[in-house]
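Structure first, commentary second.
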Amino acid sequence: MSSYKLTYFNVTALGEPIRFLLSYLGQEFEDYRLPQDQWPSTKPKTPFGKLPILEIDGKEVHQSTAISRYLGKEAELAGSDNWEALQIDMAVDAFHDLRLAAVGYFFETDPATKEKKREPLLNVTVPFYLSKFDQLAQENNGYLANGKLSWGDIYFIACSSLINHIIEYDMFEQYENLRRLRDNVYSIPQIKNWLETRPKTPF
């Protein structure tokens, strides 16, 4: 049996999809949460100066989406053919467009610039993307692609607490089909157990 060690910060964000998928697989893993004050000395030792990093049998891999896609294949959640895999990838890439817009606002250090970003993000960008994702979930039986559970659904839901933290409201309250998607993922026994036992974090 393979051994796994995830290195990320003490938040959900890009580490959480990996935690969800490892939990889905029933795989025990070391969940190492790097203290923020150790990041400056750790960053130069990482492949591209970023986390998360997953060690699989002592071999380091990086990039949260690539890792999640790999684990999705291991879990047989990557589509039954190339066309289905493409539908999943499109949904995840579209989610990254939303995430990058939200994170760009969240980490903006200039107060005036941040305030300028706030209105278009909250009143245009976020509603546009969430309505599109809600439509996908409506068309796909409560999932984002192919009418069935995929690693893309797990990725989306695992990262949703970060988006909710940034936009300062619960996206699921306003979008019925996204609530259905969330409930479909949260009701998976392995993920339900992870949610009940994971460390409490701000987001």
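When 1/r is averaged over all different Cα pairs and the result inverted, which Kirkwood radius in Å belongs to segment 56-101?
One over the average 1/r among Cα pairs gives 11.7 Å for segment 56-101.
Would you kindly calculate the mean projected area, averaged across all directions, of the convex hull enclosing the Cα atoms of segment 92-139, in square nanometres?
Working: hull surface 13.0 nm².
Convex hull of Cα atoms, orientation-averaged projection: 3.2 nm².
How large are Rg and Dmax for segment 1-69 when only the alpha carbon atoms are used, in Å?
For segment 1-69, the Cα radius of gyration and maximum Cα-Cα distance read 11.5, 34 Å.
How much of the DSSP bridge set in the chain is antiparallel, in percent, rounded to the nearest 5?
Working: 8 of 12 bridges.
Within the chain, antiparallel bridges account for around 65 percent of the total.
For every other residue with a beta carbon closer than 14 angstrom to the beta carbon of residue 4, add +1 if it is Lys or Arg and -1 if Asp or Glu, then tell me the sum.
Summing Lys and Arg as +1 and Asp and Glu as -1 gives -4.
Where the eigenvalues come from the Cα gyration tensor of segment 95-176, what are the semi-axes √(5λ) of the equivalent ellipsoid, largest first, in whole Å?
Details: eigenvalues 135, 30, 19 Å².
Over the Cα atoms of segment 95-176, the ellipsoid semi-axes are 26, 12, 10 Å.
Using a probe radius of 1.4 Å on heavy atoms only, what accessible surface per residue do you get for segment 129-203? Whole Å² is fine.
On a per-residue basis, 47 Å².
Show me, for segment 61-70, the HN-Hα J-couplings you get by feeding each phi into the Karplus relation (A = 6.51, B = -1.76, C = 1.60, θ = phi - 60°), rounded to Hz, glycine and proline as x.
10, 9, 6, 4, 5, 4, 5, 5, 5, 4
The values are calculated or read from the model by the stated rules, or taken from the named source; none is laboratory data. What you see is a predicted model, and the numbers here were worked out from it, not measured in a lab. Glycine gets a Cβ as well: all are built from the backbone with ideal geometry, and neighbour counts include every protein chain shown. Ligands, DNA and RNA are excluded from the accessible area calculation, which covers all protein heavy atoms including side chains. Shrake-Rupley method; radii C 1.70, N 1.55, O 1.52, S 1.80 Å.
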